[in-house]
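The values are calculated or read from the model by the stated rules, or taken from the named source; none is laboratory data. Note that the coordinates shown come from a computational prediction; the quantities given were computed from them, not determined experimentally. For neighbour counting, all protein chains shown are included, and Cβ atoms are generated from backbone atoms with ideal geometry for every residue, glycine included.
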Amino acid sequence: MNLAGYDDAFAAAESVTFAPGFDANVVSLAGLAILKLVAWSDRGRQNPKDAQDLIHLMGSYASAGNLDRIYDDDRVIEAGQYDPDLAGVYLLGKDIRRVASKPTIAVLNQILERDFDRLSREMTRTMRHLDDVEKWVETCLRLLQQAIGERL
């Protein structure tokens with residue numbers, strides 16, 4: 001079991017109040033994406049669930065309270081070709097880059113480079129009912145890869 005990213009996800013956890021007097025740290029969405037990508041790399045051949053979860057997270061990151069952030073930074077909306085959902089994927093990659101350590105970033109880059117096609121196929125399989133899903137998934141993965149690999 002690869003533990004890459006666990007310390008990063010824990011450090012980036014956010015405090016949430018569930019009820020008065022009941023607070024807990026919850027993994028951030030960027031931390032969750034890190035964990036999903038690493039977990040998929042470890043067990044993806046037996047179980048595609050992590051790839052399914054990751055593409056869902058990528059596709060919904062903009063609407064998860066990030067629209068203002070997307071439009072506040074011209075580079076983000078431009079990277080997403082003025083599509084807020086694609087820009088959300090790019091922003092997720094930037095957020096992953098912000099919370100991940102250098103060793104974790106190296107692991108993520110290695111996974112995305114080495115297993116890009118296999119991950120893309122796994123993600124596409126879950127959404128095959130959509131038109132042009134292969135192209136959309138590949139675009140999302142390229143944006144994520146680009147943002148994680150960029151220098152801050």
Across (1) over 15 Å from ALA33 (Cα atoms); (2) modelled with pLDDT of 95 or more, ILE111 clears everything bar (1)
Within segment 93-107, the residues that are of a type outside the set (Ser, Thr, Tyr), over 18 Å from LEU143 (Cβ atoms) and touching a residue at least 60 places away in the same chain (Cβ under 8 Å) are PRO103, VAL107
Subset of segment 25-79, residues among the aromatic types (Phe, Trp, Tyr) and farther than 19 Å from SER120 by Cα, comes to TYR71
Inside segment 40-55, the number of residues satisfying the requirement of being without any contact (Cβ under 8 Å) to a residue 24 or more places away in the chain and either part of a helix (DSSP H, G or I) or out of contact with any Phe, Trp or Tyr (no Cβ under 9 Å at 6 or more places or on another chain) (or both) is 6
**Asked** Is one or more of the residues making up segment 19-33 within 17 Å of ASP115 (Cα to Cα) and in contact with a helix residue (DSSP H, G or I) (Cβ under 9 Å, 6 or more places away or on another chain)?
**Response** yes
Next on the checklist: Condition check: under 19 Å from ASN2 (Cβ atoms) and over 16 Å from the mean Cα position of the chain (by Cα). Does ASP42 satisfy that?
Outcome noted: yes
Taking segment 108-121 and keeping residues touching a Leu at 6+ places or on another chain (Cβ under 9 Å) and in contact (Cβ under 8 Å) with a residue 60 or more places away in the chain leaves LEU108, ILE111, LEU112, LEU119
Do we find a residue being in a helix (DSSP H, G or I), within 16 Å of the chain's Cα centre (by Cα) and in contact (Cβ under 8 Å) with a residue 12 or more places away in the chain anywhere in segment 12-28?
no
Screening TYR82, TYR90 for residues that are over 14 Å from the mean Cα position of the chain (by Cα) and aromatic (Phe, Trp, Tyr) leaves only TYR82
